[in-house]
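Any read-out appearing in this document is the output of simple, stated calculations on the displayed coordinates, not a laboratory observation. Remember, predicted model here, so these are calculated numbers, not experimental data. Cβ sites come from the backbone with ideal geometry, for glycine too, and all protein chains shown count toward neighbours.
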There are 2 protein chains.
Amino acid sequence: MSLEYTPYVPVKRYLLEISYDGTNYCGWQIQPHSPSVQEVIQNRMFKFYDRQPIHLIGASRTDTGVHAKRFAASFLAPERPAIPMERIFKALNRQLPEDIKIHSIREVPLDFHARYEAKGKAYTYVVNLGGLSPFNSRYSWKPIHEMDVEKIRAASHMLTGTHDFSSFVVERSMIDDAVRTIYRIETQVVGQFCCVTFIGNGFLYKMIRCLMGTLEAAGSGKLTPADVKEILEAKNRLKAPETAPPNGLFLMKVFYDQQELENYRPEGIPFL
Amino acid sequence: MSLEYTPYVPVKRYLLEISYDGTNYCGWQIQPHSPSVQEVIQNRMFKFYDRQPIHLIGASRTDTGVHAKRFAASFLAPERPAIPMERIFKALNRQLPEDIKIHSIREVPLDFHARYEAKGKAYTYVVNLGGLSPFNSRYSWKPIHEMDVEKIRAASHMLTGTHDFSSFVVERSMIDDAVRTIYRIETQVVGQFCCVTFIGNGFLYKMIRCLMGTLEAAGSGKLTPADVKEILEAKNRLKAPETAPPNGLFLMKVFYDQQELENYRPEGIPFL
């Protein structure tokens with residue numbers, strides 16, 4: 001009988017913040033036949049964890065073409081090989097394609113859940129008030145009509161607070177209720193871009209793009225703030241204008257701390 | 001014998017200003033086996049000019065991976081079909097891929113030459129002082145060493161004026177002389193980016209990237225302004241540091257008017 005020394009290497013859970021250009025992906029979540037951000041990262045991890053499958057749990061989904069400045073996802077690192085956190089960070093950033101980058105990594109409790117423990121999220125939607133260029137067309141929406149930023153601001157005040165957002169939801173499942181709280185909507189003009197930042201406790205499928213479509217109609221003068229309030233209160237998707245395109249939308253931050261969520265300041269142009 | 005009315009449609013020459021993201025191209029000029037910006041635009045024109053070949057004359061070449069905010073190129077429009085200028089502009093912008101856009105079009109004299117008549121050019125090189133993101137890594141260079149912007153500025157003063165720039169030229173042909181005039185080098189810090197703008201009467205092959213490599217060595221403290229002056233005066237490529245990568249470089253403007261060249265103001269971050 002031999003006594004071998006086997007060092008005890010505990011299983012660990014890590015939380016990643018991930019930046020990605022969503023142009024070439026079907027979004028975060030794995031889909032058959034379409035490249036997803038989750039799949040690309042998991043495939044890299046599979047290789048450096050000796051072909052053990054790694055499962056990333058994302059804080060939410062993002063749609064095709066939507067970008068992220070700091071998406072959040074956690075994973076359980078296997079016992080062997082025990083790779084130090086700094087090496088996971090560097091190896092991923094070296095091996096991932098240019099349109100996906102790990103922004104940060106930290107250890108979290110083993111029972112941490114990236115989705116259920118999120119206190120809220122911040123999204124920024126970029127409206128292009130100037131000319132489209134090969135450098136900004138993937139990251140902004142240029143509406144056909146002229147935009148009045150003050151009108152966007154006035155209408156956005158109708159949408160903050162706790163409401164049933166049924167008028168701003170696409171393909172809603174029957175079991176979800178549509179009550180969410182938007183703490184703030186802040187509209188900044190930076191150069192030729194109008195950046196509208198939504199900070200809330202959670203957002204439904206395509207909700208920000210639906211809200212932005214309505215704010216665009218307000219910005220072009222087609223809707224008054226009172227009309228926007230009426231659309232919200234109708235709780236009927238058919239009352240709201242068209243959904244804004246995905247390429248102007250950035251998930252800016254997922255919050256696991258209430259204080260951080262409340263103190264969040266909009267960051268200007270997200271695609272820098 | 002029949003008398004047909006044939007309206008007289010004069011041949012015209014047009015000058016285009018073109019924006020492009022150079023990431024996926026071997027540069028402006030047509031090369032065998034590599035996609036070029038010139039080829040993409042000429043192919044589109046070939047189609048709407050009823051399969052008549054159109055030849056674009058560019059103001060210069062750009063290297064693989066170099067971008068342009070406003071590259072200039074002219075072409076002779078055939079007699080038939082006579083397409084109004086506004087329609088050429090719209091048709092091109094509708095049919096070109098997202099990474100190439102026509103910024104402007106105007107009619108110029110038939111004997112206008114886009115290269116020989118250029119009075120000068122402005123280029124901006126983007127140095128990334130902050131973190132790399134999926135949104136800025138194609139458009140900026142992050143040097144390994146910390147940069148001191150004041151040191152870049154001090155060294156840049158050594159390079160303005162009329163000089164023989166042989167120390168900053170790659171693959172120089174024997175017949176070219178290397179005397180050029182740099183009117184100004186302006187260094188702006190905008191957010192996390194240091195934008196170095198070079199305004200001159202002309203630049204040699206890879207000259208800006210060579211100059212930027214030297215300014216980077218100055219910015220990191222490896223070279224003093226006196227060292228930079230010495231490198232310039234040596235007229236020997238082997239004396240200068242490595243060439244900076246192409247992805248931080250933007251051709252900002254080609255000038256056909258001396259006054260416009262002299263009045264040019266740097267435009268900040270070029271990839272917006």
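Working from label points 7 Å from Cα in the Cα-to-Cβ sense, the A:Ser104 to A:Lys235 distance is 3.9 nm. Spatially, segment B:138-172 and segment A:136-180 are offset by 46 Å when compared through their Cα centroids.
For the peptide B:97-103, the mean number of other protein chain Cβ atoms found within 10 angstrom of a residue's Cβ is 3.
3J(HN,Hα) along segment B:132-137: 6, 10, x, 8, 10, 5 Hz, from the Karplus curve 6.51 cos²θ - 1.76 cosθ + 1.60 with θ = phi - 60°, whole Hz, x for Gly and Pro.
Amide H contacts of A:Gly120: A:Phe255, each under 5 Å away and 5 or more positions distant or on a separate chain (H built 1.01 Å from N in the peptide plane; Pro and chain starts excluded).
Given only helices, namely DSSP H runs of n ≥ 4 each adding -39500 (n - 2.57), what is the per-residue ellipticity at 222 nm of chain A, to the nearest 500 deg cm²/dmol?
After summing the helix terms and dividing by the residues of chain A, the value is -6500 deg cm²/dmol.
What shape does segment B:120-263 take by its C-alpha gyration tensor, where a ≥ b ≥ c are the square roots of the eigenvalues and a/c under 1.5 counts as rounded, a/b above b/c as prolate, and the rest as oblate? Note, shape of segment B:120-263 comes out oblate. Inter-copy label distances at A:Glu233, using a point 7 Å along Cα-to-Cβ, come to 8.1 nm with the shortest given first. Residues B:Lys253, A:Lys90 in ascending order of nearby Cβ atoms (within 10 Å, fewest first): A:Lys90, B:Lys253. The long axis of helix B:37-48 is offset from the longest Cα principal axis of chain B by roughly 10 degrees. Partner shielding of A:126-134 amounts to 4, given as the average count of beta-carbon atoms from other chains within 10 Å of each residue beta-carbon. In this structure, the amide hydrogen of B:Val190, modeled 1.01 Å from its nitrogen in the peptide plane, lies closer than 5 angstrom to those of B:Cys195, counting only residues at least 5 positions away or on a different chain. Positive-end ranking of A:Leu251, A:Ser220, A:Ile208 along the dipole of segment A:208-272, with charges on Cβ about the Cα centre, is headed by A:Ser220. Based on Cα contacts under 8 Å between residues 6+ apart, chain A shows a relative contact order of 23 percent. According to the square roots a ≥ b ≥ c of the eigenvalues of the Cα gyration tensor, what is the shape class of the protein assembly as shown, taking rounded for a/c under 1.5, prolate for a/b larger than b/c otherwise, and oblate for the remainder? Since a/c reaches 1.5 but b/c is at least a/b, the shape of the protein assembly as shown is classed as oblate. Ranked by how many other Cβ atoms sit within 10 Å of their own Cβ, fewest first, the residues A:Thr124, B:Thr162, B:Thr243, B:Thr197 fall in the order B:Thr162, B:Thr243, B:Thr197, A:Thr124.
Taking Cα centre as origin and charging only the Cβ of basic (Lys, Arg, +1) and acidic (Asp, Glu, -1) residues, the dipole magnitude of segment A:120-263 rounds to 280 debye. Taking GluC sites (Glu not before Pro) as exposed when their DSSP state is a loop state and no more than 13 other Cβ atoms lie within 10 Å, the longest site-free interval of chain B runs over B:5-78. Tell me, B:Val149, A:Val40 in order of fewest to most beta-carbon neighbours within 10 Å? Ascending number of Cβ neighbours within 10 Å: B:Val149, A:Val40. For segment A:212-229 versus segment A:87-118, the inter-centroid distance based on Cα atoms is 38 Å.
List the chymotrypsin sites (Phe, Trp or Tyr not before Pro) in segment A:165-272 that DSSP assigns to loop (not H, G, I, E or B) and whose Cβ has at most 10 other Cβ atoms within 10 Å. Which are they? For chymotrypsin sites (Phe, Trp or Tyr not before Pro) across segment A:165-272 that sit outside H, G, I, E and B with at most 10 neighbouring Cβ atoms in 10 Å, the list is empty. With a 10 Å cut-off around each Cβ of B:29-35, the average count of Cβ atoms from other chains is 0. What's the local net charge at B:Ser104, with K and R +1, D and E -1, over the other residues with C-beta under 9 Å away? Once positives and negatives cancel, what remains is +1.
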